[in-house]
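Here, each number is a calculation from the coordinates, and none is a lab measurement. Note that the coordinates shown come from a computational prediction; the quantities given were computed from them, not determined experimentally. Don't worry about glycine lacking a Cβ; one is built from the backbone with ideal geometry, like all the others, and counts go over all protein chains shown.
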Amino acid sequence: MKTVIFNGSEEGDLTIKAIEKSIVDQLTEKGWEVEPIELRNMQIAACLGCFGCWVKTPGTCVINDYGRETTRKAIQSDLMVWLTPVTFGGYSSELKKALDRIIPLLLPYFQSYHGQIHHKMRYKKHTKLLIIGAQEPGLDYEETFMALAERNSINFRPPAYAVSVFQRDTDPKTIPAFVEEQLKKVEVIS
Amino acid sequence: MNQPRKVLLLIGSPRGERSNSYAIGKFLVNKLEEKGLLPEEAFAARLVNTQKGAERLLRSVDNADIIVLATPLYVDSLPSPTIKALELIFEHRKAVFSTKSQMLVAIMNSGFPEKEQMDIALKIIQNFAQESNFKWGGGIRVGWGMALNSEPLKEKKGMTRKLTAGLSLASVNLSEGQPISKEAEELASTLFLPLFVAKSVSRLFGNRGWNKLAKDNNAQAKMCDRPCELNQ
């Protein structure tokens, strides 16, 4: 079983690094193959909004850089993890540059889903999704963050998904237990 | 004599001038220019990746009395260069104390007909405004972008009549130093036809539109390809 971790943190973000390490440790112990990707170190250009991945080279982004790899890894994994500092209630630009580039996972075609118009999925297989945000003390954007994750789960339709916000002023010793709880929610450990 | 107030149109779309974000934002800013405000334009995707560009962006923001952020919806949120621009502006304003009263207005647009699909993205911009000490000037949500086709908006014409009427009303509010009224927000955010019709048209004709684009690129037969499937 494979997990890919999209780490959208800045250099020196010890909280997210510790969460990432705990995910790697716990899943590796269970025999999973885990690949953490520090997005800040990867050459991923911003999505051009050209729709080329839908109508020119269907399923493949027209930009030939690591963004193509993120799409491949996202669909070929059993679990995809997104790690990000909670940024105004949403994701960091580092994480978002990768997410904007995985829309080749979708088809351009519209359908009604959950009462709204959404794009159809390109692949039959979908990937479980775990989203974790690290939030600065004194801020309370959990509701926005959870709602954004919920919207993403509607669009990417993972067979299981979980979202959680870790407060940065929490004792780091609690991280392994926090991670274990999240991995249980996406049904990859019991 | 008072200096004319300045309005910055900050475009969040990577498509720049060829975007619905630009078409909508430009209409509003043109209206404000008619009312005596001095306009300036900045394009997030062209500025955020270089030191020089970032400095230009921050200078433009510092100079503005009103910032109109016009941006599309990407994956339920803002495009990555737009988020990067917000991160840069936030860090800058933390470091440089300003007593100047500045207002931020957001105009979101999306291909989906339901304006509610933009609520979270708009909330993120609102959170940014609060954290960065901007006065919130209101938010407009323009659905069903396919009807606009990135062309300049014409006042009171067909499909854009409610949008342009709402933007015109918003320009009156902003020129008087007020946030956009709820009435203007609602008018500009309302589709020109009933939602259920727009949804049906999206399903029926929107898909034909995608096929036509693919055919133009000789890619129609490959539309549903799965190049990343494991067994390929």
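Worth a mention:
- Per residue of peptide B:216-226, the mean number of Cβ atoms on other chains within 10 Å of the residue Cβ is 5.
- Debye log10 I(q)/I(0) at q = 0.13 Å⁻¹ for segment A:2-185, Cα point scatterers: -0.66
- 5 angstrom amide H check on B:K6, placed H, neighbours 5+ away: B:L38, B:D65, B:I66
- Shape of segment B:74-232 from the C-alpha gyration tensor: oblate (a/c of 1.5 or more and a/b not above b/c, with a ≥ b ≥ c the square roots of its eigenvalues).
- Gyration tensor (alpha-carbon) shape descriptor, segment B:72-155, a/c threshold 1.5: prolate
- Take B:210-216, B:13-19, B:163-169 and order them by the average number of nearby Cβ atoms within 10 Å per residue, most first; the result is B:163-169, B:13-19, B:210-216.
- Between helix A:142-156 and chain A: long-axis angle, C-alpha atoms, 0 to 90°, nearest 10: 40
- Sorted peptide list for A:63-71, B:44-52, criterion being average Cβ within 10 angstrom, highest first: A:63-71, B:44-52
- Amide H within-cut-off set for A:M121, under 5 Å, with H built and near neighbours excluded: A:L107
- Mean projected area of the convex hull spanned by the Cα atoms of segment B:193-232, taken over all viewing directions: 4.1 nm².
- Judged by the mean number of other Cβ atoms found within 10 Å, the most tightly packed of the peptides B:140-152, B:94-106, A:157-169 leads the ranking B:140-152, A:157-169, B:94-106.
- Other protein chain Cβ atoms within 10 Å, averaged over every residue that makes up B:104-114: 2
- Shielding by partners - mean other protein chain Cβ count within 10 Å, residues of B:130-142: 1
- The Cα atoms of the protein assembly as shown give a gyration tensor whose axes a ≥ b ≥ c have a/c of 1.5 or more with a/b no greater than b/c, which makes the shape oblate.
- Looking at segment B:156-232, the GluC sites (Glu not before Pro) that sit in a DSSP loop and have at most 15 other Cβ atoms within 10 Å of their own Cβ are B:E176, B:E229.
- Computed E for A:Q111/B:N217 - FRET, C-beta separation, R0 30 angstrom, nearest 0.05: 0.85
- Using the Cβ-Cβ distance between B:V201 and B:E17 with R0 set to 25 Å, the FRET efficiency works out to roughly 0.35.
- Across the cross-link table entries A:K128/B:K115; A:K125/A:K184; A:K21/A:K96; A:K73/A:K125, which are compared at the Cα atoms, the separations over 18 Å belong to A:K128/B:K115; A:K125/A:K184; A:K21/A:K96.
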